[in-house]
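Below is one structure, written out as structure tokens; comments come after it.
The values are calculated or read from the model by the stated rules, or taken from the named source; none is laboratory data. Just so we're clear, the structure is a prediction, and the values are computed from it rather than from any experiment. Methodologically, a virtual Cβ is constructed for each residue, glycine included, from the backbone with ideal geometry; neighbour enumeration extends over all protein chains shown. Note: accessible area is taken over every heavy atom of the protein model, side chains too, but ligands, DNA and RNA are not part of it. Shrake-Rupley method; radii C 1.70, N 1.55, O 1.52, S 1.80 Å.
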Amino acid sequence: MFTFFPNPFFPDIPRSEKQITSLLKLHPTPFFLIDPALTENRITTLTDFFKKHKYPFQPAYSCKTNYSLLSLPLLHQHHLFAETVSMYEYQLARKSKFSDSQIIVNGPHKQDLPRLLSKPLLLHLDNLTELNQAIIYSQTQSIRANLGIRINTLLQPSHFGFNLENGQARFALSSLLNSNVPVTSLHLHLGSNLYDPNLYTKSVSVIINFIKDIYSNFGLKLKYLDLGGGFPSHGQLPHHLHTLFQPLESYLKPIFLELRKLPYTQTLILEPGRYLVDDAGIFVSKVIHSNIKDRQQQIIVDSTINQLPLTWTRPNIVAAFSSNLTQLKQTTTPTIIYGASCQEIDILYQGNFPRVLPNDLVVFYCCGAYNQNMTPDFIFPKPKTYFIKTPLLPSSILGQ
């Protein structure tokens, strides 16, 4: 069984060795390799849950997680929205054939807010400055955007959005309504890589109380409730803590049970990025030098920490392969893997690792989220991203 890809958490998935061998012959390392089948499986796992419970649901893809996925037809095939946080990302989404009605605009810095307000997209105001700009705009022009506000809760403190507990959110919403500006949505994004389902449960409960309040006092029925993302991948947490990856249903079920307490039904939006693509991506690099010094193996690879910037915040999951793609599993030895950027701090891995020789491959797993987008052209050009062509596999095989 070929286990080079996609990652150690899915060892029983067969992959085309010929396809990867061809990539290695045609393209120099390092490069990112993504399996769309894993992303597609994650999308269907997400959407099937709400189909099963007959609850209105709209999935969205957080563009900032990995821009290369915008080129894939599967996002359109599964009717995802594109969630953007800048004009640059908005333009990327439009170039990737998302219509305005399929785009969500979030973020604290909407560089051309008047232009966005004139589009039939979903837009969440983030702060008082944006709120006042929208009200002033509405006095002379019609707002075409479906407008909402971003909220936050003390359960997961944030400086983005309007706080629920101290009355900011109620003030923002009433200011819009008193200015005859329609409000159709609330948005809450708790953060990334959240592992406690109870945090979602408690946060949604607080939001539901707020929705009941504005329904009772303003007669307002919202069209959307956007709960952002944050669902984890198998990648490791910072400070060498192991992830506590749980099936997606452990997060969705408590959210759904809370939503059933609403006085009316509104469409739920989720914007997962890391959950959809992190496990689906690997990073392939090549050993350019290795030696043993003071009983420690020192390796230099043809990549750098700048090409895997999440290394600064979490340890990497790494494996070694020979040039013919045979996994190296012999007795490991204490090892440091250095990048090739001439910086002493360019360390990609420290721990036990198999002995390797020049031209062997070092593969990093769970690299599909953020690394590509955050990689600069520093010393070496930004690595290219390739997609492996595989059929969609049953979720039971993928370990969902």
| With springs only between Cα atoms under 10 Å, which of ILE379, ILE347, ILE207 fluctuates most in a Gaussian network model of the chain? | ILE379
| said: What translational diffusion coefficient, to the nearest whole µm²/s, does region 19-112 have by Stokes-Einstein, given a Kirkwood radius computed over alpha-carbon pairs, a temperature of 4 °C and 1.567 mPa s viscosity? | reply: 86
| How many angstrom separate the Cα center of region 34-92 from the Cα center of region 314-384? | 29
| query | What percentage of all Cα-Cα pairs in region 169-323 are separated by more than 21 Å? | reply | 60
| Dipole of region 83-189, Cα-centred, from +1 at each Lys and Arg C-beta and -1 at each Asp and Glu C-beta, to the nearest 20 debye? | 300
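Where nothing but the Cβ of Lys and Arg (+1) and of Asp and Glu (-1) is charged, how large is the charge dipole of the chain around its Cα centre, in debye to the nearest 20?
Values: 34 positive and 26 negative charges, 144 e Å.
The dipole of the chain has a size of about 700 debye.
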| Against the longest principal axis of the chain, how steep is helix 249-259, in degrees 0 to 90 to the nearest 10, with axes from Cα atoms? | 0
| Counting pairs of alpha carbon atoms under 8 Å apart in space and at least six apart in sequence, what relative contact order in percent does the chain give? | 22
| remark: Rounded to the nearest 10 Å², the 1.4 Å probe accessible area of SER96 is 30
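Compare SER142, SER322 by solvent-accessible area with a 1.4 Å probe and give them largest first, with all protein chains kept in place.
Working: SER142 90, SER322 20 Å².
In descending accessible area the options line up as SER142, SER322.
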| field | Acute angle (nearest 10 degrees) that the helix 17-26 long axis makes with the longest principal axis of the chain, alpha-carbon atoms | value | 80
| request: Work out the charge dipole of the chain with +1 on the Cβ of Lys and Arg and -1 on the Cβ of Asp and Glu about the Cα centre, then indicate which of ILE34, THR45, LEU154 is farthest towards its positive end. | output: THR45
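Rank VAL206, VAL287 by accessible area, highest first, at a 1.4 Å probe radius?
Sorted descending by solvent-accessible area, the residues read VAL206, VAL287.
Could you tally the net charge around ALA340, taking each other residue with its Cβ under 11 Å from the Cβ of ALA340, Lys/Arg +1 and Asp/Glu -1?
Values: positive: LYS286; negative: ASP302, ASP346.
Summing Lys and Arg as +1 and Asp and Glu as -1 gives -1.
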| task | Determine the principal axes of the Cα atoms in region 263-368, then give the extent along each, sorted from largest to smallest and rounded to whole angstroms. | result | 68, 31, 20
| request: Return the distance in nm (one decimal) between the two label points of a simple spin-label model at THR267 and LEU74, each offset 7 Å from Cα along Cα→Cβ. | output: 2.3
| remark: Excluding residues fewer than 8 positions from LYS18 in its own chain, the aspartates and glutamates with Cα under 19 Å of it are ASP35, ASP360
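Over the Cα atoms of region 39-180, what is the Rg over Rh ratio if Rh follows Kirkwood? Intermediate results must be reported in sequence, preceding the final value.
Details: Rg = 16.3 Å, Rh = 16.4 Å.
When Rh is taken as the Kirkwood radius, the ratio is 1.00.
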| said: Run the simple label-point estimate for LYS293 and THR333 please: 7 Å along Cα→C-beta, distance reported in nm. | reply: 1.4
| remark: Longest principal axis of the chain (C-alpha) makes with the long axis of helix 128-138 (C-alpha) an angle, in degrees to the nearest 10, of 50
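More than 31 angstrom separation, counting every C-alpha pair in the chain; what % is that?
Details: 33726 of 79800 pairs.
Of the Cα pairs, 42 percent sit more than 31 Å apart.
In Å², what does the accessible area per residue of the chain work out to with a 1.4 Å probe? Present the calculation step by step, with values, prior to reporting the outcome.
On the way: 17520 Å² over 400 residues.
That works out to 44 Å² for each residue.
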| query | Which percent of the accessible area of region 282-378 is formed by carbon and sulfur heavy atoms (probe 1.4 angstrom)? | reply | 51
| remark: With every protein chain kept in place and a 1.4 Å probe, the residues GLU344, GLU130 fall, from largest accessible area down, as GLU344, GLU130
